[in-house]
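No lab work stands behind these numbers, since they all come straight from the coordinates. Keep in mind that what you see is a predicted model, and the values were worked out from it rather than measured. Every residue, glycine as well, gets a Cβ built from its backbone with ideal geometry; the counts of neighbours run over all protein chains shown.
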Amino acid sequence: MSVDRARVWRALFTLTALVLLVWYARTVDWGTAWRAMRAASPALLVVAALANLVTLAAKAVTWWIFLRPVGAPSFGLALRATAAGAGLNNLLIANSGDGARTLFVARASRAPLSGVLAALALERLFDFIGYVMLLIAAAFLLPLPRELARWRLPAVGALVLIGAALALLVWRGPRVRAPAPASTAAVATWRARAVAALGRFTDALHSIVSGPRLGAALALTVVNWGTQIACYHVTARAAHFPITLGGSIAALLAANVGFLVRVTPGNVGLFQVVYSLAAQALGLSRDAAVGVAVLLQAVQNIPVTLLGAALAPDLMLARRAPAAPPSGETP
């Protein structure tokens, strides 16, 4: 599929989603939603925002752990790029902030792009591992809606497969690749370049993965998802929304399925729909849940976007960092 055709399909998909969101918004009793927002406790909203910032910090530390072996040892750089990337994800569609933060770190640190990509892939993988672990625990211990509970066994299978793949990487250890031939004229095809790029990526994975790093990432993903639960539940309590802790976990799980594809900036609108439908499935007011979801996105998105702009204005404004990545892996 050509780039232009892909853009057209993405635009049509986004437009369709917007039309459906407008239709859904017309069915909401905004008076009820507004009363839920207006009655919210400012102090508890601040607590929820701080919990969300801890989530962001845990993701930054996880990425930094994986970046160090590939030549990007600065924690400050990882933190700034993570905050700015999350801020861009709140302003753009299709998780564009993740691509931008990868290029930013590669240019600023002069680390190989393949290594930075491998570190990002592992950080995102552990975010997914945390989601699967939470889904499994909640499905067996809490009364989840049927649409979520039925995924308990596939989630167990996915976790086993991921664990086996990571264990295999640790067992095999770093690989030593034969040096490339001096002349590259004969391999200047797109297929050969793709194979070479994939080889660099897998080599980077082998150099990163180790038992201690994976253990630290697993501990951090527990912090990550624990503080996300706190953010969701404290925000609901701030708005006096009568949802249980288990209900907040169910809403978190449902809402994060929607974030696999961001069809609006920050998934604004889609998030409110998913959260309110999850609350309705639990027997709660859909309209009040829309108000809670608006508050929840406010305490998640606004502080993170402002922090990203403060810590990494170059990335947020799409200005190139002064340094360039090593030759042969130009972004």
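The table below lists the values:
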quantity	calculated
Isotropically averaged projected area of region 65-157, using the convex hull of Cα atoms (one quarter of hull area), nm²	7.5 nm²
Simple label model, 7 Å out from Cα along Cβ direction - Ala137 to Ala149, nm	2.0 nm
Contour excess over end-to-end distance, with Cα ends at Ala43 and Ala192 and 0.36 nm allotted per residue	47.9 nm
Alpha-carbon Debye profile of region 189-256, log10 I(q)/I(0) at 0.15, 0.16, 0.19, 0.20 Å⁻¹	-0.68, -0.70, -0.78, -0.82
